[in-house]
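Asker: Okay, handing you the structure first.
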Amino acid sequence: MFLAEKNIEHENIQIDLTKGEQMSDAFRKINPGCTVPALVTEDGVTLTENAGIAAYLEALYPEVPLLGTTPMEKAQIATWNWRCEMGGLMSAAEALRNSSPAMKDRALPGPKNIPQIPELAERGLMKLGWFFKTLDRQLSANKYVAGDSYSVADITATVVVDFGRWVKVTPQEDQTALLEWHGRMKARPSYKA
Ligand SMILES: N[C@@H](CCC(=O)N[C@@H](CS)C(=O)NCC(=O)O)C(=O)O
């Protein structure tokens, strides 16, 4: 979505996590950490963390800005993206990875197998519910997650809401700001990326 929002031409190779393709020898040559995404740059350098990929692309293609332009915009976007990652993505991942039979011993991504802790799944569900409340409150007062302009925080939050369906945590009917915002996000061409 980040690449699509900036209209950056790129080759997209899908790694099917449901088939365990991230663990294959071929993919380990690209990312020995066995996680997606991985961005192989034109210089042949591989970047494997979202924050690094976003920083690199924003520096190389400042238009359209997704990490903010003024010092305060940058601060607000970094703040909200962190909240979306920690309160949102981490909670959904905790809930799914520690409960799904298909993820037995895959409680954390990466090359090592890690056993599930069912209590973490319960905590993840609870935290995800709280996060949706926080997000709805923020979106009641702001057009986008981090303020007046679309940013990486909207991308992360969109992924959180979609990810939430896997653990059956969806925005409540009375979270109207969150629902309205999600509708706008789904209508953006980058949503299909
Ligand atoms: N490195 C990424 C996140 C990596 C990650 O956790 N990716 C998950 C998919 S969302 C993954 O690759 N999972 C592989 C697995 O479950 O084995 C970041 O910067 O946030």
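Asker: Tell me which residues come under 5 Å, amide H to amide H, from Ile114 once H is placed; ignore anything under 5 positions away on its chain.
Answerer: Arg106, Ala107, Leu108
Asker: Averaging sequence separations of C-alpha pairs under 8 Å and six or more residues apart, then dividing by the length of the chain, give the relative contact order as a whole percent.
Answerer: 21 percent
Asker: May I pose another question? Scattering from the C-alpha atoms of region 138-193 alone, worked out with Debye: what is log10 I(q)/I(0) at q = 0.24 1/Å?
Answerer: -1.03
Asker: With equal scatterers on the alpha carbons only and no solvent term, can you work out the Debye log10 of I(q)/I(0) for the chain at 0.16, 0.19 1/Å?
Answerer: Computed log10 I(q)/I(0) values: -1.14, -1.44.
Asker: Another question about this same structure. Cα convex hull of region 1-93: how many Å³ per residue?
Answerer: Per-residue hull volume (Cα only) is 111 Å³.
Asker: Within the chain, which is the longest segment that contains none of the trypsin sites (Lys or Arg not before Pro) sitting in a DSSP loop with at most 15 other Cβ atoms within 10 Å?
Answerer: The answer is 1-103.
Asker: Compute a Gaussian network model of the chain, connecting alpha carbons closer than 10 Å, and tell me which residue from Ala75, Ala177, Ala102 fluctuates the most.
Answerer: Ranking Ala75, Ala177, Ala102 by mean-square fluctuation puts Ala102 first.
Asker: Here's another thing I want to ask about it. Write out the GluC sites (Glu not before Pro) in region 51-136 meeting two conditions: DSSP loop, and at most 13 other Cβ atoms within 10 Å of their Cβ.
Answerer: Taking region 51-136 and a limit of 13 other Cβ atoms within 10 Å, the loop GluC sites (Glu not before Pro) found are Glu63.
Asker: Same structure again: What pairs from Lys19/Lys104; Lys74/Lys192; Lys19/Lys168; Lys127/Lys168 go past 18 Å between their alpha carbons?
Answerer: Lys74/Lys192; Lys19/Lys168
Every number here is computed from the coordinates shown, using simple stated rules; none is lab data. If you're wondering where the values come from, they're calculated on a predicted model, not measured in any experiment. Don't worry about glycine lacking a Cβ; one is built from the backbone with ideal geometry, like all the others, and counts go over all protein chains shown.
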